[in-house]
Each structure stands twice: as C-alpha cells, then as structure tokens.
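As structure tokens, the structure follows; a few thoughts come after it.
The values are calculated or read from the model by the stated rules, or taken from the named source; none is laboratory data. Quick caveat: nothing in here was measured; it's all calculated off a predicted structure. Note: ideal-geometry Cβ built from the backbone for every residue, glycine included; neighbour counts use all protein chains shown.
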Amino acid sequence: MPDFGRCLGCDGKALSSHSTGRTLAGKDRTSDPNADWGKHKTSGRRQDGTLWEKIKSWFGYRVHLIADTHYEIPAAVQLREASRSEIACLRDSMLPQLFEQTPELAERCQQFTADRGLECSQLKASLYDEYEIRPLIDHKMMWRQEKQDQNYDPKMPITRLLHDGVRTDNIVYDVCVLRPKNSGRWRSVDSK
C-alpha cells in the first residue's frame, strides 16, 4: 500500500478493569495496581432549553490509537492508565515515537483527523510546523451559553462583559486564522 498513512486519525477508548478499584483487605494496594480512575464528561442543552450532563467514570485503562483512516489499519497503539490525558499522550509520546520510528510515514502523511476532544493549539501547531501535516481537528464548543441565546447571530462576534454589572468594557472572543507575513503557512489561533 504505497499511500498507507497519507490520512491518519486518532481516538481513545476507555477500557474497564475487572478490579473493583478498592484496596485489598490488609494491604495498601488495589487488586489491579497499574490501573487508575478515569473520567469523561459531556454536557449540552436539550431543544427545550434544559441542560444535560453525562459523566462516565471507570477504573482501568485507556487505549490510544492512531490509524490510517482510508484503510482502517492501526499505525500506533498505546495502552495507558485511565487518568492519562489523550492530548498529552498523543502530543508528547505517540506522534514523536511513530514518526521517529517510521520517517517515511511522516513524509507521506498529509492530514491528521481527530474529534474535538483532542483540540489543542499546541498539537495543531506541532503537526503543521514540525511535520507539515494539515490538522483536521474541530474546535471545541466555546461560549455555549451565548450560542443558545435566542438573539444569537452566527455572523456577529460573541461578546461578554469583562466585569459583570459594568457596561463599559467587553471581551470579544473569536477563533481566527492568522497567516504570518511572507509565509505560506496558515495557523489557527484561539484569541480572547
């Protein structure tokens, strides 16, 4: 497969341990000493306006996987404790190890996809600046409360008062794309 690795993607999966996560009677350790607690929190707003929140917690591990998205074949896999951040695992160990071990894969890769849970400006900058790979990672849902307002206009920037109750200042949040002068590279920057 000469184009293997042209489009890579990453995701993580929670793996529960069969251990109870409790300390063994009379000993100062759990029945699975390598596992620990992880938590995944999601929230949103229903159509009727009420808020919802779902928290998934487990005792065990998390699998981090980088795969070719066209052929659906894994390129790198790591099993880590559940509390380990997916972003840190990907940015600090998985990508550098993968591209160091297989430099031809780093040269061949053109785009890297992930869900918005892995959105991080450092990760995006690293992919583009160090490896010249286009990151296709959606932005996190920012300022949800303002976006749920009935007067919300997606064409207008969202503003929020700097000090509650004081109407003289505001902060404008906008996700913009900056292009440095004399450079063909584009970089996404979160500005506040």
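Brief remarks follow.
- Whichever residue in the stretch 3-28 is part of a loop (DSSP other than H, G, I, E, B), of a type in the set (Gly, Ala, Ser) and surrounded by 13 or more Cβ atoms within 10 Å (Cβ to Cβ) and, among such residues, is modelled with the lowest pLDDT: GLY21
- Candidate set from the stretch 105-131 (those that are more than 13 Å from the chain's Cα centre (by Cα) and in a loop (DSSP other than H, G, I, E, B)); member that is surrounded by the most Cβ atoms within 10 Å (Cβ to Cβ): CYS109
- For the stretch 49-76, taking the residues that are surrounded by fewer than 18 Cβ atoms within 10 Å (Cβ to Cβ) and acidic (Asp, Glu), the one that is nearest to ALA114 (Cα to Cα) is identified as GLU72.
- In the stretch 63-88, residue farthest from CYS7 (Cα to Cα) [restricted to those that are within 19 Å of the chain's Cα centre (by Cα) and in contact (Cβ under 8 Å) with a residue 60 or more places away in the chain]: ALA82
- Applying the set (1) within 16 Å of CYS89 (Cα to Cα); (2) surrounded by 13 or more Cβ atoms within 10 Å (Cβ to Cβ); (3) of a type in the set (D, E, K, R) to GLU146 leaves exactly one unmet item: (1).
- Test: residue in the stretch 79-100 that is small (Gly, Ala, Ser), buried (at least 19 other Cβ atoms within 10 Å of the Cβ) and in contact with a helix residue (DSSP H, G or I) (Cβ under 7 Å, 6 or more places away or on another chain): no
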